[in-house]
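This report concerns only the one structure given below.
The values are calculated or read from the model by the stated rules, or taken from the named source; none is laboratory data. Predicted model, so just to flag it, every value in this text is computed and none were measured. Note that each Cβ is placed from the backbone with ideal geometry, even for glycine, and that neighbours are counted across all protein chains shown.
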Amino acid sequence: MSTLVLLTVTGLGLGALYFLVASGLSLVFGLADVLNFAHGLFLSVGAYAAWWATGRSGGTTVSGLAVALAFGAAAGTAAAVAVERIMIRPLYGRPAHQILATVGLSLAGVAAVQAAWGTDARSFRQPASTRNVWHIAGAAVPANRLVLIACAGIVLAALAALLRYSRFGLVVRAGVHDREMVTALGIDVRTSFTLVFALAGAAAGLAGGLGGIYFGAVSPDQGSALLIFAIIVVVVGGLGSITGTAVAAAAIGLFQQYVNYYALGLGDVCVIAVLAAVLLARRERVAGRVLA
Amino acid sequence: MSGPTGQLLCVAGLTARAADRTLIDAVTFDVAAAGTTVLLGRNGAGKTTTMRAILGLAPTAGAVTGAVTLDGEPIHHLPTHARIRRGLGYVPEDRRVFPALTVAENLRLAEQSGIRPRYDLVYDLFPELSARAGQRAGTLSGGQQQMVAIGRALLRDNRLLLIDEPTKGLAPRVVTQVAAALERIATSVPILLVEQNLAVVRRLAGDVIVLTDGHLAYTGTTTQLLQEPGLTRSLLGVATSATATGAPS
């Protein structure tokens, strides 16, 4: 029983990380039709910014960690806005060019991080309270998993409220379905693209910092590795759907943990198999959106 | 207010190409500053393409050239949202409501900051929308969705409404309701209408423009056109009489 509880909390923690990365990816693709392979770079920028901040703001205290995570989110936001303004904006409506440019930027970003901080993982400082374990139903659960779940829950609630109650959210929800018709109602949708990128960058940057406390370290390829699972979450959860993304992220995080434990570490392979099955089941819909 | 010739919208040499195919070729016509001008033609003649080109909605992987002026002001260089803000209202073919949004949200999306939305007009024309404000647009009937689509366009102070096949796929009773609403709207806002139902055309239209295979084939009045059975047969592929109600085949 205690093993199941531990696997469940850890799986949900991993799912929380996937959700934070995938939610922005899903919104950007849903509204702007940009499959952004540089999204992992926003996570890496946030991760290293948070890691840098923990060394200066006293990351061993809860308030210091909070400041570091906020700094990571802000750095992710700045990176995302810069990429949208400088690189993506001239390429709207040109999906092949977007893919080439964002893949190139992703590779260059990893190389830049390696050049700046080396190829080895850097230990991420965190307060004792997040390194401790909580005893839940007989299981010793690392507190940082609960922090991740709580942060993802807050982001989910905030995004859902933004989409539900704001004018911006109304434009996004309509634009995900029929962007041309939104434009034909006199709305300049492209002004919303920057804001969507900013939100995506903030969530990915926060995920970078939280990834630091989940894995205990930050590394140059962390963004790329998590991006693969985030793309799987977006495909499974439905393009442009925040609720679908949250459910898919939790399901995939749990599935991965259970399979890893009960099936000799085959979790990653099985998640890829799930992606293949979903792509086969929805091939026309997914291909239609990607190639449109 | 209209241009020096009494024309509100002037289209000159409008050409749209997509995938090495010319969809409309050097189409030139004017739209009067009052009443309804109807754009007719057989299926595939280029009516919807013309309307979309006026709005700056280019065909997929295609290009549009030519001049469009509204009240004497060139608008063809502007993006679609800016043309709409200049006073063009658009009701697309197949309605294109946002199915996951409620009726109220569909309407709210069309509001423009700084301009008082004309909910009084919309709910006066379509009282049913008020009662169904909280209902998802995707669960509405075709006629109700058409009311939402027209209502969205009416919320602003338009100088010209572009309406594409508003009665397509609707039951005869609903067609009558929609036609009556358009007749009422046309008393205050000029309309450029694409319509296949000749009974509706007969009821609404003053001027008529006919396209054939992407080219301008005829301009005149509806009365003149529909009184010439040979002309309607050759241009639209349909025989007309004083009581004709069918759509061209």
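Yes or no: A:Gly201 within 12 Å of the chain's Cα centre (by Cα), of a type outside the set (A, V, I, L, M) and either modelled with pLDDT of 90 or more or on the phi > 0 side of the Ramachandran plot (or both)?
Details: within 12 Å of the chain's Cα centre (by Cα): yes; of a type outside the set (A, V, I, L, M): yes; either modelled with pLDDT of 90 or more or on the phi > 0 side of the Ramachandran plot (or both): yes.
Considered against the rule, which asks whether it is within 12 Å of the chain's Cα centre (by Cα), of a type outside the set (A, V, I, L, M) and either modelled with pLDDT of 90 or more or on the phi > 0 side of the Ramachandran plot (or both), A:Gly201 comes out as yes.
Which one is surrounded by the fewest Cβ atoms within 10 Å (Cβ to Cβ) among residues in region B:26-49 that are assigned to a strand (DSSP E or B) and among the small types (Gly, Ala, Ser)?
B:Ala26
Tell me, please, whether a residue that is among the aliphatic types (A, V, I, L, M), closer than 17 Å to A:Gly212 by Cβ and touching a strand residue (DSSP E or B) at 6+ places or on another chain (Cβ under 6 Å) can be found in region A:121-136.
Yes.
For every residue, the table says whether it meets (1) touching a residue at least 12 places away in the same chain (Cβ under 8 Å); (2) small (Gly, Ala, Ser); (3) assigned to a strand (DSSP E or B).
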residue	(1), (2), (3)
B:Ile24	yes, no, yes
B:Met51	yes, no, no
B:Ala58	yes, yes, no
B:Gly66	yes, yes, yes
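Under 9 Å between Cβ atoms, at least 6 apart or on separate chains: pull out the pairs that start in region A:97-126 with a residue that is under 19 Å from A:Ala50 (Cβ atoms) and buried (at least 17 other Cβ atoms within 10 Å of the Cβ) and end on any residue that is among the charged types (D, E, K, R) and modelled with pLDDT under 95.
Pairs that qualify, where the first residue is under 19 Å from A:Ala50 (Cβ atoms) and buried (at least 17 other Cβ atoms within 10 Å of the Cβ) and the partner is among the charged types (D, E, K, R) and modelled with pLDDT under 95, are A:Val110/A:Asp221; A:Val113/A:Asp221.
Table: residues versus (1) more than 14 Å from every other protein chain (Cβ to nearest Cβ); (2) in contact (Cβ under 8 Å) with a residue 60 or more places away in the chain; (3) over 12 Å from the mean Cα position of the chain (by Cα); (4) not in a helix (DSSP H, G or I).
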residue: B:Met147; (1), (2), (3), (4): yes, no, yes, no
residue: B:Asp157; (1), (2), (3), (4): no, yes, yes, yes
residue: B:Leu161; (1), (2), (3), (4): no, yes, no, yes
residue: B:Thr167; (1), (2), (3), (4): yes, no, no, yes
residue: B:Leu170; (1), (2), (3), (4): yes, no, yes, yes
residue: B:Arg173; (1), (2), (3), (4): yes, no, yes, no
residue: B:Ala179; (1), (2), (3), (4): yes, no, yes, no
residue: B:Arg184; (1), (2), (3), (4): yes, no, yes, no
residue: B:Leu193; (1), (2), (3), (4): yes, yes, no, yes
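For region B:82-121, what are the residues that are within 13 Å of A:Leu185 (Cβ to Cβ) and acidic (Asp, Glu)?
B:Glu105, B:Glu111
Being part of a loop (DSSP other than H, G, I, E, B), facing chain B (nearest Cβ under 7 Å) and either crowded, with 21+ Cβ neighbours inside 10 Å or touching a residue at least 24 places away in the same chain (Cβ under 8 Å) (or both) is the filter here, so list the residues in region A:160-203 that pass it.
A:Ala184, A:Leu185, A:Gly186, A:Ile187, listed by residue number.
Can you find a residue that is in contact with a Pro (Cβ under 9 Å, 6 or more places away or on another chain), over 28 Å from B:Asn106 (Cβ atoms) and at pLDDT 90 or above anywhere in region B:69-76?
Yes, there is a match, as at least one residue in region B:69-76 is in contact with a Pro (Cβ under 9 Å, 6 or more places away or on another chain), over 28 Å from B:Asn106 (Cβ atoms) and at pLDDT 90 or above.
Consider region B:125-136. How many of its residues are touching a Lys or Arg at 6+ places or on another chain (Cβ under 9 Å) and free of Cβ contacts under 8 Å to residues at least 60 places away in the same chain? Reasoning before the result, please.
Here is the first cut: in region B:125-136, the residues touching a Lys or Arg at 6+ places or on another chain (Cβ under 9 Å) are B:125.
This time we only want the ones that are free of Cβ contacts under 8 Å to residues at least 60 places away in the same chain, so: none.
Number satisfying all stated conditions: 0.
Which of the residues spanning region B:207-229 are more than 22 Å from B:Ile24 (Cα to Cα) and part of a loop (DSSP other than H, G, I, E, B)?
If the condition is that a residue be more than 22 Å from B:Ile24 (Cα to Cα) and part of a loop (DSSP other than H, G, I, E, B), then B:Gln227, B:Glu228 are the ones that fit.
Somewhere in region A:226-245, is a residue within 30 Å of A:Ala111 (Cα to Cα), buried (at least 24 other Cβ atoms within 10 Å of the Cβ) and polar (S, T, N, Q)?
Yes, the conditions are met somewhere in region A:226-245.
Which fully enclosed helices (runs of 4 or more DSSP H) of region A:21-128 have 2 or more residues being within 21 Å of A:Leu156 (Cα to Cα)?
Working: elements: A:39-57, A:62-83, A:95-117.
Where helices (runs of 4 or more DSSP H) fall fully within region A:21-128 and carry at least 2 residues being within 21 Å of A:Leu156 (Cα to Cα), they are A:39-57, A:62-83.
A:Phe215: over 29 Å from A:Gly93 (Cα atoms), of a type in the set (Phe, Trp, Tyr) and away from every other protein chain (no Cβ under 14 Å), yes or no?
Criteria met by A:Phe215.
Would you check if A:Leu206 is among the aliphatic types (A, V, I, L, M) and more than 14 Å from chain B (Cβ to nearest Cβ)?
yes
Which residue is nearest to the chain's Cα centre (by Cα), if the candidates are limited to region B:78-113 and must be at the interface with chain A (Cβ under 7 Å from one of its Cβ atoms) and outside any loop (DSSP other than H, G, I, E, B)?
Going through the qualifying residues, I end up with B:Tyr90.
Among the numbered criteria (1) buried (at least 24 other Cβ atoms within 10 Å of the Cβ); (2) free of Cβ contacts under 8 Å to residues at least 12 places away in the same chain, which single criterion is violated by A:Leu27?
It is condition (2) that A:Leu27 fails.
When the residues of region B:50-69 are narrowed to those that are away from chain A (no Cβ under 14 Å) and within 22 Å of A:Val182 (Cα to Cα), which ends up farthest from the chain's Cα centre (by Cα)?
B:Val64
Any idea which of (1) part of a helix (DSSP H, G or I); (2) surrounded by 18 or more Cβ atoms within 10 Å (Cβ to Cβ); (3) of a type in the set (Val, Ile, Thr); (4) within 14 Å of another protein chain (Cβ to nearest Cβ) is the one A:Val147 doesn't satisfy?
Condition not satisfied by A:Val147: (4).
Pairs under 6 Å by beta carbon, first residue within 14 Å of A:Gly209 (Cβ to Cβ) in region A:147-159, partner of a type in the set (Val, Ile, Thr) and surrounded by fewer than 21 Cβ atoms within 10 Å (Cβ to Cβ), six or more apart or different chains?
A:Val147/A:Thr130
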